[in-house]
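Just so it is clear, none of the values below were taken in a lab; they were calculated from the coordinates. This structure is a prediction, so every number in the text was calculated from the model and none was measured. In this analysis, Cβ positions are derived from the backbone assuming ideal geometry, glycine residues included, and neighbour counts consider all displayed protein chains.
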Amino acid sequence: MKMNSAHLLFVTFLLLMYCSVSFTWSSSISSILPVKGPILQPELFESLANGAQKAMRACQTVFKWDKWNCPESSFSRRIKEKATKEQAVVHAMLSAGLVHSVTKNCSKGILKGCGCNPQLRGLSQTNPKYITSSRLIRPKEHSNKKIKVEWSWGGCSDDVEYGQSLAKKVLDGLEIGNYSKSYANLHNNLVGRTIIRNTMIKKCKCHGVSGSCSLQTCWMHIAPFHKIAKVIRQRYKKAVKINVENRASDSMSSSSITKISDISKHQLAFIETSPDYCLADSSMGWPGTKGRPCSRSRTETSTRLEKRSCKNLCRHCGHKVRRYKREIKMNCNCSFKWCCEVKCDICTETVVEFFCD
Amino acid sequence: MPGTILENLSGRKLSILVGILLICQIACFLIGGFVAPSPAGSQSILTTVCYDDQPDLFNKNDDNRWFTPKCKSINLQDKHSGLNATNFVFMGKMPLYNMDFSRWHQNLVGVLQVEMEHKKEITTTNVIDLTLDVKLGYRNKEDPDDKWTYHSSSVEKRIVECSSPNKDGYSYSCSTVQLFELGSLHHDYYLLNFRIPVDDKGTNANLGFISDIYLIIIHMNVGFTKVWLSLKTVLFPVLIAIMVWFWNRVHLLQRTPVLLEYLLMIVGGTLAILDAPIEFLTLYFDIPFMLLLGDIRQGVFYAALLSFWIIFAGEHMLIQDGVHKNSLKAYWMHLSGILVGCLSLLIFDLCERGVHLHNPFYSIWVTPIGTNLALSFIILAGISAGIYFIFLCYMIWMAYRNISIKRSVLPTMSTARRLHYEGIIYRFNFLMLVTVVCAAVTIVSFILSQIAEGQNKWDENVELEVSSALFTGVYGMWNIYTFAMLILYAPSHKQWPTDSLCGDNGEEVEFSRLPTDPSPNEISSLTTFAGKASID
């Protein structure tokens, strides 16, 4: 069954709308969908939505103590969206989240169409680096036969590619319009897609003669998403500004601007400089840092950024740090019994909280 | 009758033979590298958590109570009040997607990867004793969709080592544990159901918050099995033919075969057992002991080969004694090392793969006694290997020393006699050289295959399959080595030319014995070296 791009766009729009408007993804939404084609199986749709949600949560966790804390609003698509560093993160996170989620569901065996697909490798070679339309529809019948052949000869385990092709189809399909902005977005989608593969963890098992290592088989294990989010945060710091408009003769080309061809698929790209996140911007739905909590926690698990968060979020933005002292009831001395039994005492503890005021 | 073929072969003929064998060797590497896929493949299956409303019935081996992909699934991230651990059954259907196993897949190893999430209120230890209540079922294509047949079940313990991330919501990184090993993959689909029982006696007490459990299955690849068996099918008759030819040669002589000839036959025979493509039987019959049998076949061949080396060195060392031992009894001390080593490995293998015939989930490594036992067998085997190696080195060194002593006497001999002894030394050196090269290639290829597997294979478009190439290459190499030994160390049929030894062409010189030679034993004629030297 062939799917037209308009339909895909519609679905993607729905998907992103639901991610940004309501966080809880209910399975009822997938049942509203009129079409259950090979691409739009409800399971697939649900795993895409889960991926988007996962991406958002992880993004908010890793950016918790930054000025820009990955708000929900940045995940909703607007025409006015600027191609800033932060938006680069959003694109990469979303794209990585989709791949992660689809790949996991492939391993669960509930998605049709994943498995080893050697022909996709060929596709990505013949096609240009970025595909702006959703032309990349998988030749379903053909691939199924090919999978069977592959399985009955060499075995197949590589299911990241399906997630990648799907994320590419869904997210890259949205990038129409402004060339330079699309270019940055497409690039950041690519960064997000490839990050899953780059962060995979190799595990091996010896199963040769008498269980010795004369025969060893290794497989790639998908990393937990918080690790991927962490990597994206690191890449956020090293993001490069690109100049997409071809103004070679112009004086615009300075050393700080990297040319398109130079950026690798491990670097996030942006075009516009970020606004001052201290200040609220109602048009973007950004509330500013006023009222944000910060931390002066000095435990060994708190990061450097967390320790400096009051300085960074409040004082640098001209806010004062307000200190609240309150008593809260907390779970303590817990004993856990798998799966579902957590027995805790209730302790009252005085906590000190800080806010930007 | 003069000595072995090796001494009597002209340089040209020898180089032709070596050339042919080298071509066969290269062919073995190329077949593995370009025709075969990688030896084994794997699939990561994320187990589905199913809800079991009647947990008491789980252990009743009722064929109808299976949790299949159609079960009522549960999300572990949700809160489940009122449920306990026995209500949760982890399900994995093998293989994934719409595929099915073929009997060419040979065997199946299942590995578990537990993913745990760190939660503030849950403390766990870094070493977790995981107790699983497992059962395995199978189904064939022609069976109705829901008909799963019981295969085996067990309550098993595994030790999982984890390192804590110390951050709420983050995952532990845990070690993988082997869950089962099936020696034969006779059916089309397999279904694994397991649960993690928790009780007050401390079973699974240290378990943290499990987010996912992956089941990784490893099977041989169909293509590799096909190539492998074709290779065996080709090598087997060739070997049998060579052995028959060799034995005929030996029997043409008017004497009983000597020890080394017997040993060559033993090496050939054990290789024939290894080469016999009996794996074809697995395509029709369910033979769970095939994996164990494969281990034993390989072990027996290598034991024979190791014995051959030490006796070969020994037979060429006993120069000074003048006493001709020529019997296996003389080498009992040298061979006992091999025997002890092989026996301990065999017992270890029987303890692991042997028990797998009865219970595929069994592992010797989970109990302290089992671990100590397994380790002691492996250490014993290691010590025997060490002793063997020291013995072998000592004997080779002695042989070389004796040869070099006698070599200094060589110029005083008559030309014919000198050429003859040079030939014997040459025979010894030839085997040494070839053996060292083969052993080195084996070790290097083992290291290479470790490296090849160790690399990330992503984004790599190289068509060469390194580990398969090394696998078939090394296998082919020991076959060709044995072929060469059988051919070159077979008795020669050439008649002695009466002392007209030295042709003008140095290359065409064929070594021959003196007619006065009193010894009828060709292969150990070096042992009569000392006596000869004194005559000279």
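Brief remarks on what is shown
- The string of couplings for the stretch B:167-183 from the Karplus curve (6.51, -1.76, 1.60, θ = phi - 60°) is 9, 4, x, 8, 9, 6, 9, 10, 6, 8, 10, 6, 9, 8, 9, 9, x Hz, one whole number per residue in order, with x for Gly and Pro.
- For the stretch B:205-291, trypsin sites (Lys or Arg not before Pro) are listed when DSSP marks them as loop and at most 11 other Cβ atoms sit within 10 Å of their Cβ; the list is empty.
- Test item: A:296-308 mean partner chain Cβ contacts at 10 Å: 1
- For chymotrypsin sites (Phe, Trp or Tyr not before Pro), no site in the stretch A:264-331 is both called loop by DSSP and has at most 16 other Cβ atoms within 10 Å.
- Put simply, the amide H of residue B:59, placed in the peptide plane, has no neighbours under 5 Å, leaving out anything fewer than 5 places away on its chain.
- Put the Cα centre of the stretch B:266-320 next to the Cα centre of the stretch B:26-87 and the gap is 37 Å.
- For the set A:169/A:307; A:238/A:329; B:13/B:329; A:85/A:168; B:135/B:232; A:230/A:311, the pairs lying more than 32 angstrom apart at their alpha carbons are A:169/A:307; A:238/A:329; B:13/B:329; B:135/B:232.
- Whole-number D in µm²/s for chain B (Stokes-Einstein; Kirkwood sum over Cα pairs; 10 °C, 1.306 mPa s): 58
- Per-bin percent of Cα-Cα distances, the stretch B:45-86 [5 Å]: 5, 19, 29, 25, 16, 5, 1
- Ranked for footprinting exposure by Cβ neighbours inside 10 Å, fewest first, A:206, B:342 give A:206, B:342.
- The mean number of partner chain beta-carbon atoms within 10 angstrom of a residue's beta-carbon across peptide A:337-350 is 5.
- The stretch B:236-354: Cα Rg divided by the 2.2 N^0.38 Å rule of thumb: 1.28
- Per-residue Cβ neighbour rank within 10 angstrom, fewest leading, B:346, A:166, B:380: B:380, B:346, A:166
- Subset of A:343/B:167; A:54/B:70; A:104/A:241; A:64/A:205 violating a 29 Å alpha-carbon distance limit: A:104/A:241; A:64/A:205
- Residues of chain B were split at every exposed loop site, defined as GluC sites (Glu not before Pro) in a DSSP loop with at most 12 other C-beta atoms within 10 angstrom, and the longest piece left, sites excluded, is B:143-459.
- Among A:220, B:116, the ranking by other beta carbons within 10 Å of each residue's beta carbon, starting with the fewest, stands as A:220, B:116.
- The listed peptides B:368-374, B:486-492, ordered by packing as a protection proxy, come out as B:486-492, B:368-374 (highest mean of other Cβ atoms within 10 Å first).
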